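The values are calculated or read from the model by the stated rules, or taken from the named source; none is laboratory data. Every value quoted in this text rests on a predicted model; they were computed, and no experiment measured them. A quick note on method: Cβ atoms are made from the backbone with ideal geometry, for glycine too, and the neighbour counts reach across all protein chains shown. Quick note on the areas: whole protein, heavy atoms, side chains included, nothing else; ligands and nucleic acids left out. Shrake-Rupley method; radii C 1.70, N 1.55, O 1.52, S 1.80 Å.
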Amino acid sequence: MAFRRSPSSTWTESRGKGFNPVATALSESSSIHSDVLYHLTRDVSRVGLEPLSYSIPEAEPDKEDDWNEEAQSLLKGHSMQTDDKIPVVSPSLRAQDNNEGLHFSDGRRKVDYVLVFHQRRHTSVRSPASTSVSHDRLSIVSNGNFPPSRGSDGKEGGGGGSGQVPGGEAVSIGEVFMELDSGGGNEAAEPADHEMHLIRQEFEANLLEAGLEIERDGEVKVHGLSFTRLHAPWPVLCREAEFLKIKVPTKTQRYEIKEESAFSSSMSSVWRKLKQPFQPKVHPQDHGPSKFLTHCFSRDKLHLYNITSKDTFFDNATRGRIVYEILRRTVCARTCQTIGITTLIAKGVYDAAFPLHDGDYNATGHPEERNDRQVLHEEWARYSAFYKYQPIDLVRKYFGEKIGLYFAWLGVYTQLLVPASIVGIIVFGYGVATVDTNIPSLEMCDERLNFTMCPLCDGACDFWQLSTACGTARASHLFDNPATVFFAIFMSLWAVLFLEHWKRRQISLSFSWDLTGIEDDEEHPRPKYETILLQKRQRKQKNKKKKKKKKNLPVKQKDGTVTEKDRWRRKLLFAMAAGTPVAIEKLTWKDRLHGYCINVSSILFMFGLTFSAVFGVIIYRITVSALMAMSPDPETKSNVRVTVTATAVIINLVVILILDEIYGAVAVWLTELEIPKTETKFEERLILKAFLLKFMNAYAPIFYVAFFKGRFAGRPGSYVYVFNDYRMEECAPGGCLIELCIQLSIIMLGKQLIQNNIFEIGIPKLKKLVRTLKDKGSAEKEEEEERPPQQWNLDYALAPFEGLTPEYMEMIIQFGFVSLFVASFPLAPLFALLNNVIEIRLDAKKFVTELRRPVAARAKDIGIWYNILSGMGKFSVIINAFVISFTSDFIPRLVYQYMYSQSGTMHGFIDHTLSYFNVSNFKPGTAPQNSDHGDVTVCRYKDYREPPWSPDAYHFSKHYWCVLAARLAFVILFQNLVMFLSLVVAWVIPDIPKTIVEQLKREKKLLVDLFLREEKDKFQLIQSLFGKDTPVAPGGHVLPPGQGFPLPGRYSTLPQYPTRAPTGDGGGGGPRARCRAASFSLYTRKVPPSPRNENSRHTAV
């Protein structure tokens, strides 16, 4: 066994003649220190593992059987040391009624947390009859110290200033490691199970030292699940609540939240009456116009709080959070400097750890007797409650602030989609109402104009009449009309208004939920970060040992002797190295460089994969269009564009859904390669990568249709070809906006319907069915006794909570559909609203019935998601400006009407946008082979080019440059106008409501008044207690008031005791000490006799 001393440790004196205790390595935030590891290590020393400083004990071969017996008694004895503190419940007792499995077997103590693991083997050490037991070396990380034992002074064993590990490696003074591995060469799975068992024993022993109470099943299981229940008693809850600065209500009554003015107060009351039918039936609601006065919990101010029952003062969510904080910081030294339950779950020591739900979600009995889970299920997680407001305060109380903020944000987003949907419907209605009076559509549908268009493909396609595209032109007007510009400006301002409204709503929730002024909780490193850091530290120590060996070797003379000077130099260097402070180890950019390189290359590859998928669909459209155009069936030829567009969009949708799942898994893998230190940094980097990849995946086909399709197709006689055979596709005669609308609507609706109905409903139900079938099969095989399942069994069967990232991501992508390309699809807000009404109830049902209860995490805001929303809102202004100016025909219509129209109307617009082409200029083999239109000499195509009889034939005309200049001017004007209006809206609407600012000031004043009143009551009580005994002077005279009991000074809290004069009866002689500030509960205690030792002064009141 080799020991390496921790850099932070110092040598201490030996406790007697025996072995020294090992101090458990705790995190900086932990205030709990345990000697359990000392007892464990001391017991290990009895099996031939005497921890000498730098020598390796070797077991004698002829005493192997004795060692086995001693090892079994050791581990059995250690197991008794921890088991005697942990109640073991027999199956008969556990089956008794203990409030549906929410309490310990005594029916009084709540189960605040549950640890789950697979029980592999009941015994700790295999018997000698099965296999020979080799020496196990216990893995310990210590902040304590091991002074050299008497027998290890360098003269025996390895000797010297460094130890020798079994491989012959020298061990420097560093961390203390006792590695646990099997020396017998038997690599069976059981030694790992033994190690897991010892790790669990040590971890649970540390939990006991932290003050938690533990209960577990007493039945022996060779295989199967075992549950360890945890309970936090009142002292532990008080201690941790003070550390976490949890705000709790005081004794004062609820105070009314005043409105700004009488008018606003009356309007608010009227609005509350109107909303009353839509409010959920939740018992005592906290979102009314009143609020409890709260204060950070302190054990010195228990008299300020309204503690009616210690069992219910902290709700279940708060109790679970407190226990999780203890689990998160408790050290298990056997896992090599790992801290917390998260690391143990990652290493497989435990399978799961979770707080319990509040019983079954199906409501039974009287409505007033329903628990919070049942209320949420009845009033929130039902599709029939879609018209009701969400009980956000109850959601926050049950699931915590982080999940409460998500549902509050989703509710605000859904509510503000209502006006956007109404305006979108009005815009669409305007298009429907004016489609019959739209002059460009009427001209396209007029067969008398006889516009003969150029062929859509080479050779096989014939000339065609523009009037055959009448339906496309009329459909385009539904979305491409003057009201679209107004709607684009409105939605850009709507995005700003949504963000400003959410900021105000977030501040209001922070005030009502007492989140103002909270500090970010300390985060421990992630398990993978700790593992990589430990590996780096070990490599660094090995390199240092090798360098020290080479550097500290004395220079030998020619005769082989070593000079005295070299010896002194070696000792001096060693002493200087020992006194050098050790820098804090952490991972640098060099350690993450390979991860960064893989991230960049992988993201570029994913971008290329997305573009390849889009290009593949383009090739599909081109080839299928050419093949269908060659068909002899006239119906097939007439439906080429509709068929190709619909099938291509469906293929795009399938590819997007598949790549969406792949990119989600890739984003997690890439984030792991970066080795973030904390969970917050991991989540932020994961969100950025997942959003970047999924954004490109969802919007790449839409960007292509909006800005690239038809731009590079060329002109008749000079088309652009793909693979030298297939012509690049062009936009429809009515423009690309109608195709953009079809693309956007199918992808948006299909993505929402498929992901909501299949991914979020079907797949979880299928997994649950598979788990149920497996549980039934195992139950039939094991033939266990029938007994009702406890709450922890039911909760373990639920799916684990994996974070809010998928929920937010789905809504952020939808927000992009609503805001980015809304100019092409005004009905997008309406479909988003309908989806979100279902999404809220779907997510609520999932959280209440299908997921384990998550730990109630505190959060002041929605984090990085707000920055993403803000960025998308600004980006939407630019996108909509380009969609209106370049994709729609809004700008060409304006230019024609005000610059080229003779009558100032839109008559002649279609003829103005069509250019001429002489069919004799077709390249050989590209002209129609068999034309049904007779002798055609000139055909038309949509573009602004010079006619063939012009000196600059087929070059861009001056009309093209005028339209282009107008388009660019519109982009600049639209962008600056909307940005200016957005800034005005953001400036007019303050981030913090004025009422909240006033209420914060009022709450501070009420708190000060409360403390002053309590101090005054405390002083009066103490004065009345001491005023019962009238002070008497030494001469027998009664002292006037104020002389025996001096009044407190300006800064004193409690009065001082009177000084007793010496008497002749030999009574107590010294002056009594001044009373310290104490809580109200201390004033009712009896006064113990004054101590005679003046050095230890304690005054009891």
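Seen from all sides and averaged, what is the projected area of the convex hull of the Cα atoms in segment 465-530, in nm²?
Convex hull of Cα atoms, orientation-averaged projection: 11.3 nm².
So for segment 634-697, what are the equivalent ellipsoid semi-axes in whole Å, largest first, each being the square root of 5 times an eigenvalue of the Cα gyration tensor?
Working through the eigenvalues yields semi-axes of 41, 8, 6 Å.
From largest accessible area down, sort 837, 770; use a 1.4 Å probe on the protein chains.
Correct descending sequence by accessible area is 770, 837.
For segment 422-473, which semi-axes, largest first and in whole Å, follow from the square roots of 5 times the eigenvalues of its Cα gyration tensor?
30, 14, 6
At a Förster radius of 56 Å, what calculated FRET efficiency corresponds to the Cβ-Cβ distance of residue 271 and residue 192, to the nearest 0.05?
Taking R0 as 56 Å, the efficiency between residue 271 and residue 192 is 0.30.
Roughly what percent of Cα-Cα pairs across segment 376-480 reach past 24 Å?
57
Just by accessible area at a 1.4 angstrom probe, what is the order of 202, 661 from largest to smallest?
661, 202
For segment 796-943, what % of the accessible area comes from carbon and sulfur atoms, probe 1.4 Å?
The nonpolar share, carbon plus sulfur, comes to 57 percent.
For every other residue with a beta carbon closer than 9 angstrom to the beta carbon of residue 587, add +1 if it is Lys or Arg and -1 if Asp or Glu, then tell me the sum.
So the surrounding residues net to +3.
Within a Cβ distance under 10 Å of residue 372, other residues only, what is the Lys/Arg minus Asp/Glu net charge?
+1
Given q = 0.11, 0.14 Å⁻¹, what are the Debye log10 I(q)/I(0) values for segment 299-416, with equal point scatterers placed on the Cα positions and solvent ignored?
One equal scatterer on each Cα of segment 299-416 leads to -0.58, -0.85.
Given a 1.4 angstrom probe, what's the average accessible area per residue across segment 849-965, in square angstrom?
Counting only protein heavy atoms, the per-residue value for segment 849-965 is 49 Å².
Pop the C-beta distance of residue 793 and residue 761 into the FRET formula with R0 = 35 Å and round what comes out to the nearest 0.05.
Taking R0 as 35 Å, the efficiency between residue 793 and residue 761 is 0.90.
Starting from the exponent 0.38 and prefactor 2.2 Å, build the expected Rg for segment 415-525 from its residue count and divide its actual Cα Rg by it.
1.94
Past the 23 angstrom mark, what percentage of all C-alpha to C-alpha distances in segment 841-979 do you count?
Cα-Cα pairs of segment 841-979 separated by over 23 Å account for 62 percent.
For segment 790-806, just list the computed ³J(HN,Hα) in residue order, Karplus coefficients 6.51, -1.76 and 1.60, θ = phi - 60°, integers in Hz, with x standing in for Gly and Pro.
7, 5, 5, 5, 5, 6, 5, 6, 7, 6, x, 7, 10, x, 9, 4, x
Residues in segment 460-480, backbone N under 17 Å from the label point at residue 639 (7 Å along the Cα-to-beta-carbon vector): list them, ranges by number please.
Answer for this model: 469, 471-472.
How high is the relative contact order of segment 783-863? Use alpha-carbon pairs under 8 Å, at least six apart in sequence, and give a whole percent.
Normalised by residue count, the contact order of segment 783-863 is 50 percent.
Assigning unit charges at the beta carbon (Lys, Arg +1; Asp, Glu -1) and nothing else, what dipole magnitude in debye, to the nearest 20, does segment 374-440 show about its Cα centre?
Roughly 220 debye for segment 374-440.
Could you tell me the calculated FRET efficiency between residue 651 and residue 209, based on Cβ-Cβ distance and R0 = 56 angstrom, to the nearest 0.05?
That gives a FRET efficiency of 0.35.
Enter the per residue convex hull volume of segment 653-744, computed from alpha-carbon coordinates, in Å³ rounded to the nearest integer.
Looking at segment 653-744, the number lands at 132 Å³ per residue.
Hey, what's the Kirkwood Rh for segment 369-418 if you take every pair of different alpha carbons, in angstrom?
Computed over segment 369-418, the radius equals 11.4 Å.
Can you give me the distance in nm between label points at residue 296 and residue 1014, each placed 7 Å from the Cα along the Cα-to-Cβ direction?
About 1.4 nm, to one decimal.
How much length, in nm to one decimal, is gained on full extension between residue 596 and residue 712, taken as 0.36 nm per residue of separation minus their Cα-Cα distance?
38.1 nm
What's the extension gain from residue 368 to residue 425 if we count 0.36 nm per residue and subtract their Cα-Cα distance?
Extra length from residue 368 to residue 425 when fully extended: 16.2 nm.
Give me the base-10 log of I(q)/I(0) for segment 336-387 at each q in 0.13, 0.23, 0.26, 0.29 Å⁻¹, Debye formula, one uniform scatterer per Cα, rounded to two decimals.
Here log10 of I(q) over I(0) equals -0.54, -0.82, -0.96, -1.08.
Between residue 995 and residue 857, how many nm apart are label points set 7 Å from Cα along the C-beta direction?
My value for the distance between the label points is 3.1 nm.
Using only protein heavy atoms and a 1.4 Å probe, report how much of residue 606 is accessible, in Å² to the nearest 10.
For residue 606, the solvent-accessible surface is approximately 20 Å².
Beyond 23 Å, how much of the Cα-Cα pair distribution for segment 901-997 remains, as a whole percent?
Value for segment 901-997 (Cα pairs over 23 Å): 57 percent.
Tell me the net charge near residue 958. Cut-off is 13 Å between Cβ atoms, residue 958 excluded, with +1 for each Lys or Arg and -1 for each Asp or Glu.
Here the count lands on -1.
What ranking do 724-733, 1011-1020 get when scored by the average of other Cβ atoms within 10 Å per residue, highest first?
In descending order of packing, they fall as 724-733, 1011-1020.
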